[in-house]
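Accompanying notes for the structure given below.
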Amino acid sequence: MSTKENLNSQHRRRFIKFLAASPLAMAAGARGDSVWQSGYGSLHFTPLDFADYLIQSADEAINSFEFEKVAARQIDPAHYGYVASGAGDGSTVLANRQGYEQFYFRAHRLAGIANVDTSGSILGQDFSSPIMICPCGGMGAMHLEGETAVSRASSERGMIQMHSTMATYPIEAVTAGRQAPLWYQLYAISGWDFAARMVERAIQAGASAVLLTVDTPARGTPEFQNMMTRFDTRDCTECHGEVRSILHKPMISGAGITPENQRSYVFSWELVEQLKREFDVPILVKGIETAEDARKCIEHGADGLMVSNHGGRGLANGKASILSLPDVVAEVNGEIPVIVDGGVRRGDEALKALLLGADAVGIGRAYLYGLAAFGYEGAAKVMDLLNAELRAAMKNLGIASLQELSPEFIGRY
Ligand SMILES: Cc1cc2nc3c(=O)[nH]c(=O)nc-3n(C[C@H](O)[C@H](O)[C@H](O)COP(=O)(O)O)c2cc1C
C-alpha cells in the first residue's frame, strides 16, 4: 500500500460515511469552496470515474481545486474541518466564492503584447506577483514543515507572505533565508503590552510591515469543523486543551499571556494610532468591509488596509469580499493601498480583484490545501498555477503589466 493509500484509511471510510449521512455536512461541502465549478456540463456524463480522481503528485495538478480533495483525505478530520470551515452554515465562505461570478472580463484585442510582467511594489516593498500569502494560524496541522515550507515557496517566487500570531513556527524560523518581504499579522489578544512585545519581536526578526486583524472579535461557531472533530479519534486536548490552547503557540508563549488575561482586551481605533506612534514600519488594518471603516483607517493613520471577512470564518451571512471591494476602493481613492482576500482559487479571480482596484490580492485556503496535500511541493504548485493563470488572463485581456490595469477590462452582469 502506498503512503497515500495508507493515509487515514480508517478516517476516510468514516468521513465518507459521515458525508453520505449528513445533510448539513453535504451542504457545507457543496456550499463551500471545495466545489470545483466548471463550464463542462458534459463531464457529468463521462463514463470515467472523473469526480473521484485524486492527483498523485503536486506536478499533476491542473487547478488549485485538485489539492483539496487530496488534503481532505491526507490530514486528520478535525484539521480538515479547521481549514474548510466557515462561521455557522458557511454562508460567507460560499458568498466569497460566488462573488467572482458577478464579474466578467472585457478583452482588448491586438494589444501587441509579447510578455506579461506581474511585478510591482506595495508600500515601497517589491514583489514579483501581486498575489500575497495570507496569514493563517497553525500550518503545522497541514504539514510538519508548516509555515517554513510555505515561506520557502513564496520567497522563491518573490511573493509577500504574512505571518500569523497563531503560527505553528516562530517568525524567526520563517524569516531565515527569505528573499521576499514578510509581514507580521497581529492579534492584539491581551492588551497593548502584549501587542507591543509581539511587534517588536517581529520587526527584530525582519518583518517589514504589520497587519492588525480586526475582523474576528468573536469567531463564529465553526460548525463544519466541530462536526468533523467527532470523527477524529485522537486526543485533541493534548494540543487544544483549556489552558494550552493558544498559550503554547511560539509567537505567544513568553509574551506574558495567561489563561486569565488571554482574550481580555477590547480594542478600538486607538490601537491603530498607538501602533503608528510606536513603530516605524507600515501599519495595515486587515478585515475592513465598508467604506465608513476604510475612511476610519485613513483618519487613524493606517498605511494600508485589507478588505477581508477572514475567509468567512468570523460571521455567517456576510458579504462577498470581492463585492465589498468597489465601495472601499472608491472611498480610499488611492490615498492608501487596498488589498483584498476571500475565496480566491484561480489567477483569473485575482485579476478581477486587481481590475476592481485592489493593489494586491491575498490567498488563504488555496495554498493551505496544497500544503496539506503535498507539503512544500503542493504549496509551491498552487502559487505557480495561480501566477500562470494570472499572466495568461492578463495577456488575453491585452494587459502587459500591473500599471495597465484599469476598470475598462472588467464588467458586472
Ligand atoms: C485555517 C485558516 C486559518 C486562518 N488564520 C488566520 C490568522 O491567524 N490570522 C488572520 O488574520 N487571518 C487568518 N485566516 C484568514 C486568512 O488570513 C484570509 O483572510 C482568508 O483565508 C482568505 O480567504 P480564503 O481562505 O478563501 O482565501 C485564516 C484562514 C484560514 C482558512
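Computed from the coordinates by the stated procedures, all read-outs in this text should not be read as laboratory data. Every value quoted in this text rests on a predicted model; they were computed, and no experiment measured them. Cβ sites come from the backbone with ideal geometry, for glycine too, and all protein chains shown count toward neighbours.
Among the residues of the stretch 197-249, the ones that are farther than 30 Å from His300 by Cα and either away from the ligand (no atom under 13 Å from the Cβ) or in contact with a helix residue (DSSP H, G or I) (Cβ under 6 Å, 6 or more places away or on another chain) (or both) come to 26 in all.
Summed over the stretch 385-412, residues that are under 30 Å from His79 (Cβ atoms) and crowded, with 17+ Cβ neighbours inside 10 Å total 5. Filtering the stretch 108-146 to residues that are surrounded by fewer than 16 Cβ atoms within 10 Å (Cβ to Cβ) and within 16 Å of the ligand (Cβ to nearest atom) leaves nothing. Taken together, the criteria place Ala350 among residues that are within 11 Å of the ligand (Cβ to nearest atom) and within 14 Å of the chain's Cα centre (by Cα). Just to check your reading of the model, which residue among Val340, Val382 is within 21 Å of Ala167 (Cβ to Cβ), touching a helix residue (DSSP H, G or I) at 6+ places or on another chain (Cβ under 9 Å) and β-branched (Val, Ile, Thr)? After applying the criteria, what remains is Val382.
Across the stretch 282-316, the qualifying residues are those that are in contact with a helix residue (DSSP H, G or I) (Cβ under 6 Å, 6 or more places away or on another chain) and among the charged types (D, E, K, R), and the one among them that is farthest from the ligand (Cβ to nearest atom) is Arg295. Of the helices (runs of 4 or more DSSP H) lying entirely inside the stretch 135-228, the ones with 1 or more residues being touching a residue at least 60 places away in the same chain (Cβ under 8 Å), closer than 14 Å to Lys249 by Cβ and in contact with a strand residue (DSSP E or B) (Cβ under 7 Å, 6 or more places away or on another chain) are found at 171-175. Note on the stretch 360-378: residues that are part of a helix (DSSP H, G or I) and more than 18 Å from Val93 (Cα to Cα) total 9. When the helices (runs of 4 or more DSSP H) confined to the stretch 268-359 are screened for residues that are free of Cβ contacts under 8 Å to residues at least 40 places away in the same chain, in contact with a strand residue (DSSP E or B) (Cβ under 6 Å, 6 or more places away or on another chain) and crowded, with 18+ Cβ neighbours inside 10 Å, those reaching at least 3 such residues are found at 321-332.
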